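First comes the structure, then the notes that go with it.
The values are calculated or read from the model by the stated rules, or taken from the named source; none is laboratory data. Bear in mind the structure is a predicted one, so any value in this text is a computation, not a measurement. All Cβ positions, glycine included, derive from the backbone under ideal geometry; neighbour counts span all protein chains shown.
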Amino acid sequence: MKVAIPITLFDNSGGIRVLSIVANGLAERGHDVTFVVSSGGNCPFFPLDSRVHVKVLKPEFGNFGNVSALIRKIYLAFGIPRGTDAAIANGFMSAFSVRFSEILGRTRRGIYFVQAYEPMAFGEHGEGVRWVRAIRKRLAERTYHLGLECVANSHWTARMLREKHGVEATVVPLGVDVAAFHPLESDRIRQDKPVVVTIGNPNKVKRFDLFVEVIRRLRTKMEFRAVVATHDRSRLNLGGLEMECVSPKGDAAMASIYNMATVFVSTSIAEGFGLPLLEAMACGTPVVTTDSRGILDFCRDGENCRIVDSGKPEDLTDAIMQICRDKDLRERLIANGLKTAQQWSWNHLPDSFDKVLRRAVPGETSPSMR
């Protein structure tokens, strides 16, 4: 089957990483997969299978410079090869590209892979002034009514689409590559004090400022190292606190960071799925997280992680301290986290997407992997 995935560029975001895994998996399963990328965005950050094609749009396809992202995204539709069986949108802007490609007759079927509830991520919790966020929110809401077949990465994402927009979505949950993310006992650094790790992201929905406040409080209660994995240190406000910022290149480097951690912390308001939490579990690292909705597909408080419902810095601080000081709790979370990771194989994602592509009637929901 001929599949196209339109994107603006190959950045280091989690969404592009997931799309890369989908593309690789579909190519392995015999599909003809092409990334359609805006001019200049032709350097994949994540490795692609040699069978995955990359079509970079030349100036004649529309190098608009500084015009709005919406126009550039729509123009991606002209780069989708004619006769495409299915075009996969990722993000509310590329949904317009895919819909337009249907109108142009370039693709027979438009699929919208919803990895987050974007009216929230780019609307009320997005960047920019209020009127810009309001426009993004309305555009994001509109994309769910373009007539594209929706695929969601978690039951929470699917529920948001159903309850707020009356749209049914197939649930295609993510998973973890346990070949890349696993305990590294021979290489694990024996720390003389606890190590608290997070992923630093300036997006407001990730609430890095909350993590900073947690670290500030922890400093008054215990000795520890704070490590932030980030690809852009310049955009993070550390609040004047001492933290080690590292920029991992690839899964192996990120797995080493998880392995050095005593606890991994997530402070997001909302996650479509929350893949880093599952990766940390696969590495044998206890997790403390806010209740960020999509994580509930695999997170169980007190069983394989600690979920802090309140989102208050003092409660997150207490949960981190509890894990650092309670060996029995720590070992239970590690053991159950490893079991959880084994149940959520990365192969489920391309397998499920393959089934979506091959079926005739959309709207089914894949069974829960619990």
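Looking only at the range 240-258, how many residues end up being in contact with a helix residue (DSSP H, G or I) (Cβ under 6 Å, 6 or more places away or on another chain) and either outside any helix (DSSP H, G or I) or on the phi > 0 side of the Ramachandran plot (or both)?
So the count comes out to 3.
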Verdict on P6 being modelled with pLDDT under 90 and either under 29 Å from P276 (Cα atoms) or in a helix (DSSP H, G or I) (or both): no
Qualifying residue in the range 132-150 (condition: of a type in the set (S, T, Y), over 21 Å from S268 (Cα atoms) and either surrounded by 23 or more Cβ atoms within 10 Å (Cβ to Cβ) or assigned by TED's automatic domain parsing to the domain that holds L275 (or both)): yes
Subset of the range 259-289 (residues that are part of a strand (DSSP E or B) and either touching a residue at least 60 places away in the same chain (Cβ under 8 Å) or surrounded by fewer than 24 Cβ atoms within 10 Å (Cβ to Cβ) (or both)): V263, F264, V265, S266, E271
Condition check for L161: over 26 Å from A319 (Cβ atoms), in a helix (DSSP H, G or I) and in contact (Cβ under 8 Å) with a residue 60 or more places away in the chain: no
Qualifying positions in the range 164-180 - part of a loop (DSSP other than H, G, I, E, B) and at pLDDT below 95: V172, P173, L174, G175, D177, V178, A179, A180
Scope the range 296-316; condition within 23 Å of R219 (Cα to Cα) and either exposed (fewer than 15 other Cβ atoms within 10 Å of the Cβ) or in contact (Cβ under 8 Å) with a residue 60 or more places away in the chain (or both); matching residues: D309, S310, G311, K312, P313, E314, L316
Residues satisfying the stated conditions in the range 204-230, i.e. surrounded by fewer than 16 Cβ atoms within 10 Å (Cβ to Cβ) and not in a helix (DSSP H, G or I): T220, K221, M222, E223
Selected residue [assigned by TED's automatic domain parsing to the domain that holds I334 and either at pLDDT below 95 or over 17 Å from the mean Cα position of the chain (by Cα) (or both)] from P202, P183: P202
Test result for G40, more than 25 Å from A180 (Cβ to Cβ), modelled with pLDDT under 85, assigned by TED's automatic domain parsing to the domain that holds P350 and not charged (D, E, K, R): yes
Every pair of residues 6+ apart whose Cβ atoms lie under 9 Å, when the first sits in the range 231-254 and is over 21 Å from L218 (Cβ atoms) while the second is modelled with pLDDT under 90 and charged (D, E, K, R): H231/D11; S247/D232; S247/R233
Verdict on S292 being free of Cβ contacts under 8 Å to residues at least 60 places away in the same chain, touching an Asp or Glu at 6+ places or on another chain (Cβ under 6 Å) and more than 20 Å from Q322 (Cα to Cα): yes
Unique residue being under 19 Å from V3 (Cβ atoms) and surrounded by 15 or more Cβ atoms within 10 Å (Cβ to Cβ) when the list is G126, G91: G91
Residue list for the range 99-115, restricted to those being in a loop (DSSP other than H, G, I, E, B) and within 16 Å of L357 (Cα to Cα): R108, R109
Breaking point among (1) acidic (D, E); (2) outside any helix (DSSP H, G or I); (3) touching a strand residue (DSSP E or B) at 6+ places or on another chain (Cβ under 7 Å), for E127: (3)
